[in-house]
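Novice: I have a structure here, written as structure tokens, and I will follow up with some questions on it.
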Amino acid sequence: MGGIPTVTVLISGRGSNLINLFNRADGYQIGAVISNSRDAAGITWAREHSIPVTIIERAKFPSLGTFKDALREAVCATTPDFVALAGFMVVLPPSFIEAFPDRLINIHPSLLPKFPGLDTHARAITAGETKHGCTVHCVDSEVDTGAIIARATLELSPGETPASLAERTLKLEHELYPWVVRHLARGKISIRGARIHYSSEVHQEAGERGFQLPADNECV
Ligand code: GRF
């Protein structure tokens, strides 16, 4: 890595995590935005902020495979140090994941491994969970199953609805994601295959901020 590490962010919609990663960028910069939908609100915002945007739409390609190849090539062309998925609704194939070893991450609105996939807030309430939150994790070729980097947790309130829980969880996402990216960019968190390594400073800060790091990971 030379200079300030760059992050390419992949979105499909609203883009609040993209905007928040940009606004809180510290030790990294958002180099590019890639979207699979030209209607994603986050694209308008990115263009207004002079961030290069590439749109790769499924409908423009003859097959799912060629679409996903084009996605990979578009992300490669941005020469990112890290690739951050933020509400990106495409399941990525191994060929994409292998192109960005140890630098491809996602944020998910549940305490993984609980509730991978969609409708996490409603499912957590229905299941009678007392805690919920969000997880930043490495991306592998399954949905929301990659190694967990960090989580942030909240307690469900009486009368919690999926909408109120989504709103409260999103606030936590906006705390957790830039914190993780900042430490990845500084090499204080490093991904080495399925193992995540943390500096002692990261352990301490996580404790202060109420973030949880997986117990079986190494302190370097
Ligand atoms: C967030 O809840 C994120 O955790 C999930 O998709 C949502 C995207 O929201 N993966 P936004 O587009 O960042 O506002």
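The values are calculated or read from the model by the stated rules, or taken from the named source; none is laboratory data. Every value quoted in this text rests on a predicted model; they were computed, and no experiment measured them. We place every Cβ from the backbone using ideal geometry, glycine too, and count neighbours over all the protein chains shown. For the accessible areas, the whole protein counts, side chains as well, though only heavy atoms, and no ligand, DNA or RNA atoms are used. Shrake-Rupley method; radii C 1.70, N 1.55, O 1.52, S 1.80 Å.
Novice: Could you rank the peptides 173-179, 115-121 by their average count of other C-beta atoms within 10 Å per residue, with the highest value first?
Specialist: Per-residue mean Cβ counts within 10 Å order the peptides as 173-179, 115-121.
Novice: Give the percent of DSSP beta bridges with both residues in the chain that are antiparallel, rounded to the nearest 5.
Specialist: In the chain, DSSP labels about 50 percent of beta bridges as antiparallel.
Novice: Running a GNM on the chain with Cα contacts under 10 Å, which residue among L21, L154, L64 ends up with the highest mean-square fluctuation?
Specialist: In the Gaussian network model the winner is L64.
Novice: May I pose another question? Of R58, R14, R192, which has the largest mean-square fluctuation in a 10 Å C-alpha GNM of the chain?
Specialist: Judging by the Gaussian network model, the answer is R192.
Novice: Could you give P(r) for the chain, binned at 10 Å from zero, as whole percent values over all Cα-Cα pairs?
Specialist: 8, 34, 38, 18, 2, 0
Novice: Got a number for carbon plus sulfur as a percent of the chain's accessible area, 1.4 Å probe?
Specialist: Roughly 53 percent of what the probe reaches on the chain is carbon or sulfur.
Novice: Quick one: which residues, 5 or more positions from I56 or on another chain, have an amide H under 5 Å from its amide H? H modelled 1.01 Å from N in the peptide plane, none for Pro or chain starts.
Specialist: S35, N36, S37
Novice: Per 0.36 nm of contour for each residue apart, how much would the distance between R14 and D26 grow if the chain were fully extended, relative to their Cα-Cα spacing?
Specialist: Difference between extended and current length: 2.1 nm.
Novice: Select from the chain the helices, each a whole stretch of DSSP H, whose alpha-carbon atoms run 15 Å or more along the helix axis and whose Kyte-Doolittle mean is at least -1.0; answer none if there are none.
Specialist: 64-77, 162-185
Novice: Here is a follow-up. How high is the relative contact order of region 6-188, given as a whole-number percent (alpha carbon pairs under 8 Å, six or more residues apart)?
Specialist: Relative contact order comes out at 21 percent.
Novice: Report the local net charge at V136: Lys and Arg +1, Asp and Glu -1, summed over other residues whose C-beta lies under 9 Å from its C-beta.
Specialist: Every neighbour counted, the sum reads 0.
Novice: A follow-up question, please. With θ taken as phi - 60° and the coefficients 6.51, -1.76 and 1.60, list the Karplus ³J(HN,Hα) couplings across region 92-103 in order, rounded to whole Hz; mark glycine and proline as x.
Specialist: 8, x, x, 4, 6, 5, 5, 6, 10, x, 6, 8
Novice: About its Cα centre, how strong a charge dipole does the chain have in debye, to the nearest 20, once Lys and Arg get +1 and Asp and Glu get -1 at the Cβ?
Specialist: Computed about the Cα centre, the dipole is about 280 debye.
Novice: With labels modelled as points extended 7 Å from the Cα through the Cβ direction, what inter-label distance (nm, one decimal) is found for R186 paired with R38?
Specialist: So the label points at R186 and R38 sit 4.2 nm apart.
Novice: Before rounding to the nearest 500, sum -39500 (n - 2.57) across all DSSP H runs of length at least 4 in the chain and divide by the residue total; then give [θ] at 222 nm in deg cm²/dmol.
Specialist: The helix contribution divided over the chain gives -10500 deg cm²/dmol.
Novice: Send over a whole-number figure in Å² for the accessible area per residue of the chain, probe 1.4 Å.
Specialist: 46
Novice: Hey, another quick one. How high is the FRET efficiency between S141 and F61 when r is their beta carbon distance and R₀ equals 22 Å, given to the nearest 0.05?
Specialist: Efficiency, from the Cβ-Cβ distance: 0.65.
Novice: List the residues, sorted by chain then number, that are 5 or more residues from L154 or on another chain and whose placed amide H is less than 5 Å from its amide H.
Specialist: The answer is H132, G133.
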